[in-house]
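Quick note: the coordinates plus some simple rules give every number you see, no bench work behind them. Predicted, not measured: the structure shown is a model, and the values here were computed from it. So basically every Cβ, Gly included, is an ideal-geometry build from the backbone, and we count neighbours across all protein chains shown.
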Amino acid sequence: MPADDYQAVMARKNQIMKKAVGLDYSRFSRSEIAFDYGRMMAEVGYSLAEIIKIQQATGVGNTPLLELKNLTALVRKIAPRGKGARIFLKDEAANPSGSFKARRAAVSVYHAEKNGYDGVVAATSGNYGAAVASQAAMRNLKCIIVQEVFDRQGQGQPEILEKGRKCEAYGAEVLQLSVGPELFYTFLRVLEETGYFNASLYTPFGIAGVETLGAEIATQLRARGEREADAVVITHAGGGNLTGTARGLIKANSGKTKIIGASVDLSGLHMASDRDFNRKSFTTGHTGFGVPFASWPDRADVPRNAARALRYIDRYVTVKQGEVFYLTEALAQLEGLERGPAGNTSLAAAFALAQTMEQGQIIVVQETEYTGAGKHPLAQLNFARENGIRVERGNPDLEKAGESVIIPERPEQIKARELDLDRIKLSYLKNILKNTGVKKIEGEDLVFLAEEIKKSIAEVRAMLNRLP
Amino acid sequence: MAAIVNKGSWVQIYQVILPAGQRAPQVPDDTGRVPLELRTKGFLLEDGRPGEEVMITTYTGRRLKGILEEPAPVYQHKFGRPLPELLLIGKELRAILTEGVEDSAG
């Protein structure tokens with residue numbers, strides 16, 4: 001029996017993954033740095049038409065696109081004259097498991113079934129767990145979900161406890177861990193022991209599954225005689241939501257739409273810290289995932305992450321926790337839609353961004369998620385207070401993650417704070433050099449990097465020259 | 001002594017996956033000082049008492065060993081108290097929306 005200490009299991013990572021994903025990533029490799037992303041997505045993933053069929057078979061997708069008329073009216077009350085784009089919302093909570101993650105899971109679980117795996121495993125503390133569990137139930141596969149849930153005191157994050165409960169409701173086995181990146185280690189051991197499929201969030205299957213979301217935005221607007229979306233705002237964490245949606249928009253001929261990523265600002269909190277774990281009110285859609293995954297996508301649980309946000313993102317903005325809770329309340333009160341807070345991150349950003357756009361323009365918020373005990377502003381804010389976080393109304397600019405959650409006093413206080421994408425692109429280049437050890441970048445590596453960060457070759461050269 | 005939990009009961013077990021000091025090298029100090037712990041649920045294979053090592057069958061049919069923690073484990077998460085910080089938002093926003101609009105009922 002092979003050794004199961006941390007170092008020994010991690011050393012077997014690539015061989016475990018190859019078996020558990022059934023995919024040899026090395027065939028797309030071109031050099032130490034470059035790989036053929038386009039070919040990987042085309043050959044390994046499924047075509048848009050195939051995915052639509054796969055998702056229809058389990059009732060996934062084709063969710064309503066709702067115009068938020070009252071929120072748009074509110075935006076126009078506070079925006080400068082003539083400003084205030086129409087806000088549309090893709091109600092992804094209508095998917096079988098209550099979030100857009102059903103789209104990712106649908107393709108992964110289909111692929112697992114087709115390839116004869118007995119079960120699927122996913123490492124996720126998010127909505128993806130319930131999505132995989134729900135799809136596995138429909139396709140008669142076994143399902144194990146590995147979550148990060150507790151701090152050292154055994155105190156669980158309410159949102160993740162709810163997600164765990166939902167997985168169990170679908171018949172999944174849920175392994176609930178305390179804080180730490182060794183979740184991945186546990187995950188590898190489960191894959192090795194069971195021989196199940198790794199329903200990773202980051203395979204080409206998972207990302208291709210989100211393409212239908214982008215495509216539906218384009219086709220649903222078109223079918224109503226509306227103009228092409230001027231901007232789509234996407235809650236950004238690991239990058240799959242953004243990558244898949246942007247690719248879907250392009251495939252549906254809506255390539256001019258601006259792709260705006262939005263994350264909750266959790267700067268200052270360490271994501272692997274046992275102490276910080278229960279001092280945050282958002283467990284996903286935050287900068288603690290969004291920034292590191294953008295600047296180094298291959299930190300994921302597969303050798304080549306199919307979610308590569310910098311290839312598609314035009315702007316990246318952050319919002320505060322208190323602002324998202326405020327908009328979650330506004331969505332319920334003004335639009336009659338009670339939805340989970342984390343999914344409303346992009347809504348909070350869109351509310352601010354719409355005020356800078358013309359009235360004739362359209363901004364689309366591309367997801368909602370289900371809500372329930374734990375996954376709710378009340379649950380999160382009560383929990384925050386029990387953990388010593390100050391919860392009060394005031395100026396959200398003064399919110400400090402881990403110390404306070406500041407609920408705005410007025411809608412004008414909500415802001416979309418611009419992150420410097422060039423800085424993130426530069427740190428991506430730094431990571432490439434550091435993680436590959438390559439000293440001199442030229443030829444096809446330059447072309448690859450230009451695609452990776454959506455810059456010209458000349459710009460990549462100039463950026464590389466600025467690095468020490 | 002804790003009461004016997006009967007074979008077949010739905011229970012939660014606890015395991016230490018990595019003891020403190022054997023954790024991943026990159027974890028911050030506060031995390032490295034504590035063990036990596038696992039909790040999971042399943043059906044008890046033999047009678048046992050809380051605190052004892054037991055074997056369970058998970059919902060997928062795997063057999064796992066661990067310390068019996070809680071019989072009939074409770075879902076603790078909830079909504080909690082209504083919060084004054086949220087209660088007024090709806091009214092405030094409605095007031096902004098209807099500002100300058102004639103009250104048709106009046």
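Each Cα pair under 8 Å and six or more residues apart adds its sequence gap; the mean of these over the residue count of chain A is a relative contact order of 18 percent.
A cut-off under 10 angstrom between Cβ atoms defines the neighbours of A:Lys455, and their net charge, with Lys, Arg +1 and Asp, Glu -1, is -1.
The label point for A:Lys83 and the one for A:Arg227, both projected 7 Å from the Cα toward the Cβ, are 1.7 nm apart. Which entries of A:Lys400/A:Lys430; A:Lys69/A:Lys375; A:Lys83/A:Lys400; A:Lys320/A:Lys425; A:Lys19/A:Lys142 show an alpha-carbon separation above 21 angstrom in the structure shown? Correct reply: A:Lys400/A:Lys430; A:Lys69/A:Lys375; A:Lys83/A:Lys400; A:Lys320/A:Lys425.
Adding -39500 (n - 2.57) for every DSSP H run of four residues or longer, then dividing by how many residues the protein assembly as shown holds, sets the calculated 222 nm ellipticity at -11500 deg cm²/dmol.
The base-10 log of I(q)/I(0) for region A:324-449, evaluated at q = 0.11, 0.14, 0.19 Å⁻¹, reads -0.57, -0.78, -1.06 [Debye formula, identical scatterers on Cα atoms, solvent excluded]. Pairs of C-alpha atoms in region A:423-466 farther apart than 16 Å represent 22 percent of all such pairs. If you wrap region A:285-330 in the convex hull of its Cα atoms and look at it from every side, the mean projected area works out to 4.2 nm².
The phi-based Karplus calculation (6.51 cos²θ - 1.76 cosθ + 1.60; θ = phi - 60°) puts the 3J(HN,Hα) values of region A:247-263 at 5, x, 4, 5, 5, 9, 6, 10, x, 7, 4, 6, 9, 10, x, 9, 10 Hz, whole numbers, x for Gly and Pro.
Counting Cα-Cα pairs of region A:1-137 in 5 Å increments starting at 0 gives whole-percent bin shares of 2, 8, 12, 13, 15, 13, 11, 9, 7, 5, 3, 2, 0, 0, 0. Over all distinct Cα-Cα pairs of region A:81-185, the Kirkwood formula returns a hydrodynamic radius of 14.7 Å. Mean-square fluctuations from a GNM of chain B, with a 10 angstrom spring cutoff on Cα atoms, peak among B:Leu44, B:Leu93, B:Leu18 at B:Leu93. With an a/c value of 1.5 or above and a/b not larger than b/c for the gyration tensor axes a ≥ b ≥ c computed over the alpha-carbon atoms, region B:10-98 is described as oblate.
Averaging the Cα positions of each part gives two centres, and for region A:186-254 and region B:23-77 these lie 34 Å apart. What distance in nm separates the simple spin-label points at B:Gln26 and A:Arg417, each placed 7 Å from Cα in the Cβ direction? My value for the distance between the label points is 2.5 nm. For A:Gly340, the residues whose modelled amide H falls within less than 5 Å of its own, excluding neighbours fewer than 5 places apart on the same chain, are A:Glu369, A:Tyr370, A:Thr371. For region A:88-148, the spread of Cα positions along the three principal axes, ordered from largest to smallest, is 40, 27, 13 Å.
Label-to-label distance for A:Ser267 and B:Val74 is 4.1 nm, based on points extended 7 Å past Cα in the beta-carbon direction.
Mean separation of Cα pairs under 8 Å and 6 or more residues apart, divided by the residue count, gives region B:1-94 a relative contact order of 31 percent.
Given axes a ≥ b ≥ c from the Cα gyration tensor, I'd like to know whether chain A is rounded (a/c under 1.5), prolate (a/b larger than b/c) or oblate. It comes out rounded by the Cα gyration axes.
Between A:Glu442 and A:Asp24, the contour length at 0.36 nm per residue exceeds the alpha carbon distance by 147.9 nm. For A:Asp298 and A:Ala57, the FRET efficiency from 1/(1 + (r/R0)^6), where r spans their Cβ atoms and R0 equals 25 Å, is about 0.20.
Calculated on the Cα set of region A:181-267, radius of gyration then Dmax: 16.8, 53 Å. Candidates B:Leu38, B:Ala95, B:Ile17 compared by Cα position along the dipole of region B:10-98: farthest toward the positive end lies B:Ala95, with charges placed on Cβ. Using θ = phi - 60° in the Karplus curve 6.51 cos²θ - 1.76 cosθ + 1.60, the 3J(HN,Hα) couplings for region A:200-207 round to 5, 5, 10, 6, x, 5, x, 6 Hz; x is entered for Gly and Pro. The alpha carbons of region A:235-319 give a radius of gyration and a Dmax of 13.7, 47 Å, in that order.
With R₀ set to 60 Å, the beta-carbon distance separating B:Ala3 from B:Leu88 gives a calculated FRET efficiency near 0.80. Less than 5 angstrom separates the built amide H of B:Phe79 from those of A:Gly374, all sequence-distant by 5 or more or on a different chain. Under a 5 Å amide H cut-off, with hydrogens placed 1.01 Å from N, B:Arg49 pairs with B:Val5 among residues at least 5 apart or on other chains. Subtracting the Cα-Cα distance of A:Glu392 and A:Ala11 from 0.36 nm times their residue separation leaves 132.4 nm of extension gain.
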